[in-house]
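The next block holds one structure in the form of structure tokens; read it before the comments.
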Amino acid sequence: MGFLVTSGIFLLAGIIGCLFSLLCCNRGPSTNLYVLPPPAKSPSGSTIILCGMGWAIVYLAQMKPLINPILSGE
Amino acid sequence: MPSGGGGCLPPMDLMRSEEMQLLQVIIPTESAHLAVSNLGDLGLIQFKDLNADKSPFQRTFAAQIKRTGEMARKLRFFKDQMSKAGIQASPLQSTETPLDFDDMEIKLGELEAELIEVNANDEKLQRTYNELQEYNTVLQKAGEFFYSAQRSAAAQQTELGANQSGETSLESPLLEQDVLTDASKQVKLGSLSGLVPKEKAMAFERILFRATRGNILLRQESVDELVTDPQSGEKVSKNTFVVFYSGERAKAKILKICDAFRANRYPFPEDLSKQMHTIAEVSGKIKELKATIDMGVAHRNTILKSIASDFEHWNHVTKKEKSIYHTLNMLSVDVTKKCLVGEGWSPVFATSQVQDALQRATLESKSQVGSIFQVLNTKESPPTYFQTNKFTSAFQEIVDAYGVAKYQEANPGVFTVVTFPFLFAVMFGDWGHGICLLLATLYLIIREKKFASQKLGDIMEMMFGGRYIIMMMALFSIYTGFIYNEFFSVPFELFAKSAYACRDPSCGDATTEGLIKVRPTYPFGVDPVWHGSRSELPFLNSLKMKMSILLGVSQMNLGIMMSYFNAKFFRNNVNVWCQFVPQLLFLNSLFGYLSMLIIIKWCTGSKADLYHVMIYMFLSPTDDMGENELFPHQKYVQMLLLVIALVAVPWMLFPKPLFLKNEHEKRHQGHQYTPLEGADESVEAELGHHEESNHHEEFEFSEVFVHQLIHTIEFVLGAVSNTASYLRLWALSLAHSELSTVFYDKVLLLTLGYNNVIILAIGVVIFIFATVGVLLVMETLSAFLHALRLHWVEYQNKFYEGDGYKFAPFSFALISDEEE
């Protein structure tokens, strides 16, 4: 799975989460905000953004490693 | 609302506090009580105290408050009696019929009088009963004295007869002869008997001896079981005593001493038949009394039980009445004394509800005049009211603990709901620990109803209050646990095979040169191969450090964006152009740029030294970058960014105060002549009343400028120190993973190596305790506190004023929670 594929999954999760919260538990605009980000007013959301960010950071950091794992000799 | 939508944000219920309005209600006196009661049920209006200058005794309803106070006292008395008798008040039933307050007062008075009388009787009976019990013991013990004395006398007689001729034995009394010879002119001896407390017995004996110069005979014996003292009702250990004396004066002295020592005296008939008679009489009386007392207690219990069934209801009604009268006292009486005038804050959405409540009161009290309801215009700042639910209230509390939001200010609580647990989880990333935390908090949530109704300890209360926060924290730490690939510090190859493998089949240089990447990057989280390798720490440190910077810069940018929403909402263009824009430029031209460099470095795999780049961006921006160049023309980009950052500082500092000054002067010109420059301050002060009284504000340029200066310095220095502050994310997450590795490797794996069940069991126990105590409790606490700090300081100082005050409505739902 490449970077783009997983990003796509996160985006999809955002859309689904957004729709889900809109359809199933619409408890007012700020509840949806946890899925919907305010500036874009579009799917994906604070939760998804943060989770995606956490994943992306770790993924990117490992993409072109500068150091290699050196096993401890035991 | 100043602006329709709330900046460019969609209207959100938690983002802005509820719109409030100042209401004035004029209620006819006859329906006032009912109206206030209805409003209390509604709980959406906060009355202003219009009689703040009056003392509590001068207020209109002081007498009623005294009455309710008296009733509360009676109820406390009942509660006290009930707890002494071990009777629980039955829980409040919602279907109770409404009580008339006056009837209730009379009933409470009657019950109290009855209870007091029953108690007094009971006390009297109990006292008599205890006295009789004591008498009984005295009779028994003293009877033994006399009996043994008689027996020894009889023995002496026979002995005497046997030894008549022989020499006197060693034990025989020295004065035997005299006693025998003086038997004819014997003095009549009197005796007193009773009980004396054991600790006083020695002193008692000594004093008696001294006072009578030894002319008495005292016999004491301790009573084995504890005796209930009739006076105090306490159980004490006592001695029975019998004093023999001769003469009236000695008797008087002894009586006084007995009184002084609180020795209870009881008559003791010397005659044996009389003794038997008395004993029988006393035990009969005791039995009789016992029965009476039992009857009394049963009667009292039935009274208390009937009280207990209604107690909660009465208590509730009394509290309600008390709060109603307190509220009524805040209203001012109209000059005609026919109606009460009240002012209070209420959310705009509740307008119709309030009106309805007043309407109902008018109808129910059959008042001829309706209440008058109107909205007042005021310059006062309204209270802040967020409609939170049980999920968001705990998060809102985190924000409120720092400061209550200014009226309609952007509420950091909206984002805190997600960012707070996320930052916590960055420091607490381990899905094993996350699951433990989740299970604990799920237990609290599932048994929510049960826990909510009972009283919990301090710490438990806190945990329970924050159960949803903990749940979110646990969920996010499970997620970050997967990203860090740690389950109690053990990695799993869950998502794919590790991307690394040996260079050659023999794997000879795996411990010297290291493995090489042969497969695509591990798709989700940290590659498990890093765990336990020699380069684990350098790799994870670099990763987590950069991650902290990225998250920190994002959150600070979010904070600055919030200040934009605020400025937009309050239609404050000065703040947008002279504060928000330069702040955004300054932060991003330095640290936004750094974040970008980090990402570029990751994507390109460049070996550039970011510290070096950042430092020399300031020291010698014109120098050639050399091998540190990450993208073409980087030098010029950096020079541009540096210029932007340098321009942004004076931009933040100067325009706003100047603009405000300009604005102020323009406003003044419209009204009248401005005072001459350099005019005396006293003149200005005299002219101070020139504007409407509520719009009279002195514009002090220096003050505004100093304020802006402080703000600018704070922001510029803060940009550096706050970014550095986010490194705590790295430090704590490092500490957490290292600690859990130590517990796993050095405790669990070490004991596993011994191949001994007992050692293994000990190891497991230590591991569990260390995990729960250190990682799940202490680490949770410390990560929580650090996440709290990051929100309060680094995030909220970008936009949050937090100088509002909370909406405290008059509500019956709230009073029942108080005072408990």
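The values are calculated or read from the model by the stated rules, or taken from the named source; none is laboratory data. Computed from a prediction, not measured in an experiment: that's the story for all the values here. Positions of Cβ are generated from backbone atoms using ideal geometry, with glycine treated the same way; all protein chains shown enter the neighbour counts.
Annotations
- Meets criteria (more than 26 Å from B:GLU343 (Cα to Cα) and within 11 Å of chain A (Cβ to nearest Cβ)) for B:ALA401: no
- The one condition in (1) under 30 Å from B:LEU192 (Cβ atoms); (2) at pLDDT below 75; (3) among the hydroxyl-bearing types (Ser, Thr, Tyr) that B:THR95 fails to fulfil: (1)
- Residue, farthest from B:MET427 (Cα to Cα), within the range B:767-798, restricted to residues that are in contact with a Phe, Trp or Tyr (Cβ under 6 Å, 6 or more places away or on another chain) and among the aliphatic types (A, V, I, L, M): B:ALA770
- Residue in the range B:538-546 that is surrounded by 15 or more Cβ atoms within 10 Å (Cβ to Cβ), under 30 Å from A:CYS51 (Cα atoms) and basic (Lys, Arg) present: yes
- If you go through the range A:1-24 and keep only what is within 14 Å of another protein chain (Cβ to nearest Cβ), in a helix (DSSP H, G or I) and at pLDDT below 75, you end up with A:GLY14, A:GLY17, A:CYS18, A:SER21, A:LEU22.
- The single condition from (1) part of a loop (DSSP other than H, G, I, E, B); (2) surrounded by 15 or more Cβ atoms within 10 Å (Cβ to Cβ); (3) of a type in the set (A, V, I, L, M) that B:ALA52 fails is (2).
- A Cβ distance below 9 Å, combined with a sequence gap of six or more or placement on separate chains, defines the contacts here; from the range B:382-405, residues that are under 11 Å from B:GLU18 (Cα atoms) reach residues that are modelled with pLDDT under 90 and among the β-branched types (Val, Ile, Thr) in the pairs B:PHE386/B:THR392.
- For the range B:537-553, the set of residues classified as free of Cβ contacts under 8 Å to residues at least 12 places away in the same chain and at the interface with another protein chain (Cβ under 9 Å from one of its Cβ atoms) consists of B:PRO538, B:PHE539, B:SER542, listed by residue number.
- Members of the range B:208-239 found to be outside any loop (DSSP other than H, G, I, E, B), among the polar types (S, T, N, Q) and under 54 Å from the mean Cα position of the chain (by Cα), listed by number: B:SER222, B:THR228, B:ASN239
- Within the range B:568-581, at least one residue is more than 10 Å from chain A (Cβ to nearest Cβ), touching a helix residue (DSSP H, G or I) at 6+ places or on another chain (Cβ under 6 Å), on the phi < 0 side of the Ramachandran plot and crowded, with 21+ Cβ neighbours inside 10 Å.
- When B:ASN756 is tested against (1) in contact with a helix residue (DSSP H, G or I) (Cβ under 9 Å, 6 or more places away or on another chain); (2) at pLDDT below 90; (3) surrounded by fewer than 20 Cβ atoms within 10 Å (Cβ to Cβ), exactly one condition is not met: (1).
- Residue list for the range B:487-519, restricted to those being in contact (Cβ under 8 Å) with a residue 24 or more places away in the chain, in a loop (DSSP other than H, G, I, E, B) and within 12 Å of chain A (Cβ to nearest Cβ): B:PRO491, B:PHE495, B:ALA496, B:SER498, B:ALA499
- No other residue among B:SER222, B:SER232, B:SER246 is surrounded by fewer than 18 Cβ atoms within 10 Å (Cβ to Cβ) and within 27 Å of B:ALA120 (Cα to Cα) apart from B:SER232.
- For B:PHE812, the stated conditions do not hold, so it cannot be described as within 30 Å of B:PHE395 (Cα to Cα), surrounded by 19 or more Cβ atoms within 10 Å (Cβ to Cβ) and in contact (Cβ under 8 Å) with a residue 12 or more places away in the chain.
- Top-ranked residue of the range B:240-281 - restricted to ones that are in a loop (DSSP other than H, G, I, E, B) and hydrophobic (A, V, I, L, M, F, W, C), ranked as farthest from B:GLY143 (Cα to Cα): B:PHE261
- Against the list (1) in a helix (DSSP H, G or I); (2) farther than 29 Å from B:ASP80 by Cβ; (3) in contact (Cβ under 8 Å) with a residue 12 or more places away in the chain, the condition B:TRP345 fails is (1).
- Flag for B:PHE784 being buried (at least 16 other Cβ atoms within 10 Å of the Cβ) and out of contact with any Ser or Thr (no Cβ under 9 Å at 6 or more places or on another chain): yes
- Test: residue in the range B:592-613 that is aromatic (Phe, Trp, Tyr), surrounded by fewer than 18 Cβ atoms within 10 Å (Cβ to Cβ) and either over 30 Å from B:LEU660 (Cβ atoms) or within 14 Å of chain A (Cβ to nearest Cβ) (or both): yes
- Qualifying residue in the range B:364-387 (condition: within 14 Å of chain A (Cβ to nearest Cβ) and outside any helix (DSSP H, G or I)): yes
- The range B:57-81, residues that are in a loop (DSSP other than H, G, I, E, B) and touching a residue at least 12 places away in the same chain (Cβ under 8 Å): B:ARG59, B:THR60, B:PHE61
- Residues of the range B:521-536 classified as in a loop (DSSP other than H, G, I, E, B) and facing chain A (nearest Cβ under 7 Å), total: 11
Okay, residues lined up against (1) in contact (Cβ under 8 Å) with a residue 12 or more places away in the chain; (2) of a type in the set (Val, Ile, Thr); (3) away from every other protein chain (no Cβ under 14 Å); (4) assigned to a helix (DSSP H, G or I):
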position	(1), (2), (3), (4)
B:ALA410	yes, no, no, no
B:PHE422	yes, no, no, yes
B:CYS436	yes, no, yes, yes
B:GLU461	no, no, yes, yes
B:TYR468	yes, no, no, yes
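- Among all residues of the range A:62-71, there is at least one that is modelled with pLDDT of 80 or more, of a type in the set (D, E, K, R) and assigned to a loop (DSSP other than H, G, I, E, B).
- Qualifying positions in the range B:285-308 - touching a Leu at 6+ places or on another chain (Cβ under 7 Å) and of a type in the set (Ser, Thr, Tyr): B:THR292
- Failed item, numbered, when B:LEU456 is tested on (1) within 13 Å of chain A (Cβ to nearest Cβ); (2) farther than 22 Å from B:LEU543 by Cα; (3) under 53 Å from the mean Cα position of the chain (by Cα): (1)
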